[in-house]
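> Before anything else, here's the structure in question.
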Amino acid sequence: MKEVNVAVVGATGAVGNEMVKTLEQRNFPVKNLRLLASKRSVGKKLKFHGEEIPVEELKEDSFEGIEIALFSAGASVSKQFAPLAAAAGAVVIDNSSAFRQEPDIPLVVPEVNPHAIAQYKNRGIIANPNCSTIQMVVALKPIHDVAKIKRVIVATYQAVSGTGQKAIHELETQVRQLFNFQPVTPQVYPHQIAFNCLPHIDIFFENGYTKEEMKMYYETKKIMEDDSIVVSATCVRVPVFYGHSEAVHMELEKKLTADEVREILSKAPGVVVVDNPSQNLYPLAIEAAGKDEVFVGRIREDLAFENGIAMWVVADNIRKGAALNAVQIAEILLEKYL
Ligand code: NAP
Ligand code: 12T
């Protein structure tokens, strides 16, 4: 395959670092890799295929000669720099929430709507969805194709790595402090996260939902290309380092048995069914961490809905939820469009 110049913006972060590893592991055909972050990171180096690559400060002229730019440095950095990268001729794959709802910017999960990648031509930007939405739609789409999903009720159990390096450090620090009978002073989250559950991810909106919950509402409609699906989410931060878990309950237009859903999901791309309760087998965050697939178990007929299905969906939020999904988009872009 043709080799391309790639930039990673936010390369020193939890997601950016994983992007560099994913490009290496999947042997993405990189000609030159440019690592970009804030001024604070100048002097740092990251390893790529055995080579030490220096981190450079992100500037307006950072994108000369770049063909694909993977962004994960937050929405404000994306709003400022993604259009500049696109104007310099790069295709941007953006991990932030900055452009996800813009109608002319595709929002892509390769297992669900890979055809939408073609719309990169509109603005030179492709948006990567929110981590919680990605893993859910990978599991929902094959069911939707057969039995049409009308509504979804979901509760998430989200790892601290979704918030970035500082939050990973905060959970570690608080666990150590509590075991040493020291007081805990929350900094990243508004409350203690160690040994606790916080029903609060991202900011609150007027309607009482959080922004994270509303991302699941809007992004599911856009990726599944069906405006009729409604999602009511409660997003909860839990003291887990890597791996988001989700209790997903759905109402279908057509009845499916639990066995039929197991059969559909066992053939679905990117999905692994782990569902043998008698052997205590169901998906676990600590087992999904570091893996590429979305794991689904506890599949059963939901007693609270007519034509209802309930299930438990787990994935590595930094890999399939962010870095891997972005690199998969880059692979299709390169193979089919560049
Ligand atoms: P993180 O660990 O805090 O890393 C942030 C990265 O952004 C670091 O590399 C940081 O560089 C860089 N950065 C921050 N401000 C910058 C600036 N003004 N100019 C240049 N670089 C800057 O956070 P993370 O977890 O990797 O997340 C990064 C972003 O990715 C999030 O804000 C979010 O938009 C997105 N994200 C998306 C998902 C998803 O659901 N798909 C999941 C997680 C995150 P320094 O090290 O130099 O400070
Ligand atoms: N606040 O990409 O805190 O919109 O876990 C992803 C993860 C925003 C995003 C988190 C967040 C995003 C989080």
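The values are calculated or read from the model by the stated rules, or taken from the named source; none is laboratory data. In this text the structure is predicted, and so the values were computed from the model without any measurement. All Cβ positions, glycine included, derive from the backbone under ideal geometry; neighbour counts span all protein chains shown. With ligands, DNA and RNA removed, areas are computed over all heavy atoms of the protein, side chains included. Shrake-Rupley method; radii C 1.70, N 1.55, O 1.52, S 1.80 Å.
> Accessible area per residue for the chain in Å², computed with a 1.4 Å probe and the full protein assembly in place, what is it?
Ligands and nucleic acids excluded, the figure is 45 Å² per residue.
> Along the positive direction of the dipole of the chain (beta-carbon charges: Lys, Arg +1; Asp, Glu -1; about the Cα centre), which of ALA118, GLY89, GLN101 reaches farthest?
Of the listed residues, the answer is GLY89.
> So in the stretch 28-82, what percent of DSSP beta bridges are antiparallel if you round to the nearest 5?
Antiparallel: roughly 50 percent of the beta bridges in the stretch 28-82.
> Going from most exposed to least, what order do CYS235, CYS197 have by accessible area with a 1.4 Å probe?
Of CYS235, CYS197, the descending order of accessible area is CYS197, CYS235.
> If packing is taken as the mean number of other Cβ atoms within 10 Å per residue, what is the order of 269-277, 198-206, highest first?
Listed from highest to lowest mean packing, they are 269-277, 198-206.
> In addition: Can you tell me the relative contact order of the stretch 41-176? Whole percent, Cα pairs under 8 Å, sequence separation 6 or more.
Relative contact order of the stretch 41-176: 16 percent.
> While we're here: Can you find, among ALA7, GLY270, ASN130, the residue sitting farthest towards the positive end of the charge dipole of the chain, where Lys and Arg contribute +1 and Asp and Glu -1 at Cβ?
ALA7
> Let me make sure I get this right: for the chain, a, b and c are the square roots of the gyration tensor eigenvalues over alpha carbons, sorted descending. Under 1.5 in a/c it's rounded, otherwise prolate if a/b > b/c, else oblate. Which is it?
Oblate, because a/c is 1.5 or more while a/b does not exceed b/c.
> Still on this model: For the stretch 21-93, with all protein chains present and a 1.4 Å probe, just round the carbon and sulfur fraction of the accessible area to a whole percent.
The nonpolar share, carbon plus sulfur, comes to 45 percent.
> Could you pull out every one of the lysines with an alpha carbon less than 16 Å from that of LYS47, ignoring same-chain neighbours closer than 8 positions?
Cα-Cα hits under 16 Å: LYS21, LYS31.
> In the stretch 166-311, carbon and sulfur make up what percent of the accessible area (probe 1.4 Å)?
The nonpolar share, carbon plus sulfur, comes to 54 percent.
> Same structure, new question: With +1 on the Cβ of every Lys and Arg and -1 on the Cβ of every Asp and Glu, and nothing else charged, how large is the dipole of the stretch 183-338 about its Cα centre, in debye rounded to the nearest 20?
380
> Then there is this: Could you work out how much longer the chain between LYS31 and VAL230 gets when fully extended? Use 0.36 nm per residue separation minus the Cα distance between them, nm to one decimal.
Full extension from LYS31 to VAL230 adds 67.3 nm.
> Let me spell out the model: positive unit charges on the Cβ of Lys and Arg, negative unit charges on the Cβ of Asp and Glu, origin at the Cα centre of the stretch 1-130. What dipole size does that give, in debye rounded to 20?
The dipole of the stretch 1-130 has a size of about 180 debye.
> Pairs of Cα atoms under 8 Å, at least six residues apart: use those to get the relative contact order of the chain, whole percent.
Relative contact order here is 18 percent.
> If we sort 118-128, 86-96 on the protection proxy, mean other Cβ atoms within 10 Å, highest first, what's the order?
86-96, 118-128
> Related question: May I ask which residue of ALA322, ASN307, LEU338 lies farthest towards the positive end of the charge dipole of the stretch 299-338, with charges of +1 (Lys, Arg) and -1 (Asp, Glu) on Cβ and the Cα centre as origin?
Value: LEU338.
> What size of dipole, in debye to the nearest 20, comes out for the chain about its Cα centre when the only charges are +1 on Lys and Arg C-beta atoms and -1 on Asp and Glu C-beta atoms?
Here the size comes out at about 480 debye.
> Given the pairs LYS39/LYS221; LYS215/LYS291; LYS2/LYS45; LYS121/LYS150, which are separated by over 29 angstrom at their Cα positions?
LYS39/LYS221; LYS121/LYS150, as the Cα separations exceed 29 Å there.
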